[in-house]
Amino acid sequence: MKITILSNFGTPARGVSPYSDLLVESISLLGLEVNAVDYKEAYPHWLSPSVIPRGGVSDPKYLVHYLKPSTWIKFCEQADEVVHIQYWTQFGAYYLYYICNRLAKLGKKTVITIHNPEPHESLPVFGWYEKKMISAANRIIVHTQGGLDLLKGSNSDWSEKTVVIPHGVRMQTQASGSAKLREKSSGANAPYILMFGNIRKYKGTDILLKAWAKIANHYPDYSLVIAGRLWGQEGGLLKRLANTLLGGRNYARNIAQLLESGASNRVSAKLGFVADQELDCLIESATLAIFPYQKFAGQSGAAALAAGAGIPIVVSDIEGLIELAIDKTYVASPLSIDSLASVISDKLSNMDSQARSRQIEKARASSWPVVASKHMQVYESLLSSQ
């Protein structure tokens, strides 16, 4: 069996890339031949923070550009009988809709993984194309039942071709970084709790900072580390304008102020792109990883990364996060400054020596070998229906 996967690959500062790399690796181990096709440009740079140059994965002749229909046509002609598209931003729907229709005319089958069934930024014009794209696809993959329910609410027919497959978890039971880099990453040998990933409004970073301010004095040995790109703060004029219109720029300013005022509460920030090795070291040395998302219909790659490394995660009452948490005592429900402060305080005051092994066992149910097998079933069902 051979399939084509269209996504971002390599090491850019884009959240979908590690997922796609691990998907290709995992299904390849099951004997599937994969043609991994990258983008030249998936969307304008002003729609996201700076893109970090990546190592080449695909032959340049396959690279898809959002403004060049000739690359869409060439991709469809050279793609395999089953094409799997990773879809994460609504902007791309207009050309992915075209690609899905073109593939159908060529007798090829399309699978689309919708990473954000409820878009972070809703763009009405592109939303119309998104609905057309979903209708044109042969199979849809979402990460949670809540994501399926959202699609069902938009069009009941979509649920018949939608499969729920969790976000894959990379299991890390051994330290991957040197002691020297780990010390550099954490800034000190003192224990700390960690929040990492793109800092965006829906992730509740402001709630965490305010919750930590309430309890920091009770835990003088601990600090809070925030690592990631502050979405909406960087970039040129167009990027700043886009973030202002989408509400991200004011939030970025608010977070920057909270981080500045949080120094007295032992809050340190590593803003900007964090290299994979340094991030691994930050995660490995953390006591807890915190994910107080306010609104999310998918699953968090950051939370999956921490859980797979055996770092106990404290989360909000979001379905995709609860599924990764050890148990309900690690869930702030309903999410508020007080409830989050209470859960963090409980875990720091009552350290569980078995927490790391329990976290790994909980994450193992969504490990990449398990997730890869579920993908294989989807591909096989499409090929058998031809």
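Within the stretch 134-153, is there a residue that is open to solvent by 10 Å² or more (accessible area, probe 1.4 Å), touching a Gly at 6+ places or on another chain (Cβ under 7 Å), among the basic types (Lys, Arg) and not in a helix (DSSP H, G or I)?
no
Only residues that are farther than 18 Å from PRO117 by Cα, in contact with a helix residue (DSSP H, G or I) (Cβ under 8 Å, 6 or more places away or on another chain) and not in a loop (DSSP other than H, G, I, E, B): list them for the stretch 280-302, please.
Result: CYS281, LEU282, ILE283, GLU284, SER285, LEU288, ALA289, ILE290, PHE291.
Conditions: (1) open to solvent by 20 Å² or more (accessible area, probe 1.4 Å); (2) farther than 24 Å from ILE344 by Cβ; (3) modelled with pLDDT of 95 or more. GLU160 meets all but one. Number of the miss?
Failed condition: (3).
Among (1) without any contact (Cβ under 8 Å) to a residue 24 or more places away in the chain; (2) over 21 Å from the mean Cα position of the chain (by Cα); (3) open to solvent by less than 20 Å² (accessible area, probe 1.4 Å), where does ALA303 come up short?
Among (1) without any contact (Cβ under 8 Å) to a residue 24 or more places away in the chain; (2) over 21 Å from the mean Cα position of the chain (by Cα); (3) open to solvent by less than 20 Å² (accessible area, probe 1.4 Å), the lone unmet condition for ALA303 is (2).
Please give the number of the condition PHE296 fails out of (1) modelled with pLDDT of 95 or more; (2) surrounded by 23 or more Cβ atoms within 10 Å (Cβ to Cβ).
Result: PHE296 fails condition (1) only.
Does at least one position in the stretch 260-269 carry a residue that is touching a helix residue (DSSP H, G or I) at 6+ places or on another chain (Cβ under 7 Å) and modelled with pLDDT under 85?
The answer is yes; a qualifying residue exists.
I'd like to check something: does the stretch 36-44 contain any residue that is open to solvent by 10 Å² or more (accessible area, probe 1.4 Å), modelled with pLDDT of 90 or more and part of a loop (DSSP other than H, G, I, E, B)?
no
With closer than 30 Å to SER28 by Cβ, at pLDDT below 95 and not aliphatic (A, V, I, L, M) as the only criterion, which of GLN377, GLN386 stands out?
Matching residue, one of GLN377, GLN386: GLN386.
Within the stretch 71-117, which residues are open to solvent by less than 10 Å² (accessible area, probe 1.4 Å), part of a strand (DSSP E or B) and not aliphatic (A, V, I, L, M)?
HIS84, GLN86, TYR87, THR110, THR113
Can you confirm whether the stretch 112-131 contains a residue that is within 18 Å of TYR379 (Cβ to Cβ), touching a helix residue (DSSP H, G or I) at 6+ places or on another chain (Cβ under 8 Å) and hydrophobic (A, V, I, L, M, F, W, C)?
yes
Which one is farthest from SER385 (Cα to Cα), of the residues in the stretch 118-133 that are modelled with pLDDT of 85 or more and open to solvent by 30 Å² or more (accessible area, probe 1.4 Å)?
Of everything passing the filter in the stretch 118-133, PHE126 is farthest from SER385 (Cα to Cα).
Quick one: which residue in LEU321, LEU335, LEU288 is open to solvent by 20 Å² or more (accessible area, probe 1.4 Å) and either over 30 Å from LYS108 (Cα atoms) or modelled with pLDDT under 95 (or both)?
LEU335
The values are calculated or read from the model by the stated rules, or taken from the named source; none is laboratory data. Here the structure is a predicted model, which is why all the values come from computation and not from measurement. Because the Cβ atoms are built from the backbone with ideal geometry, glycine has one as well, and the counts that use them run over all protein chains shown. For accessibility, only protein heavy atoms count, side chains too; no ligands or nucleic acids. Shrake-Rupley method; radii C 1.70, N 1.55, O 1.52, S 1.80 Å.
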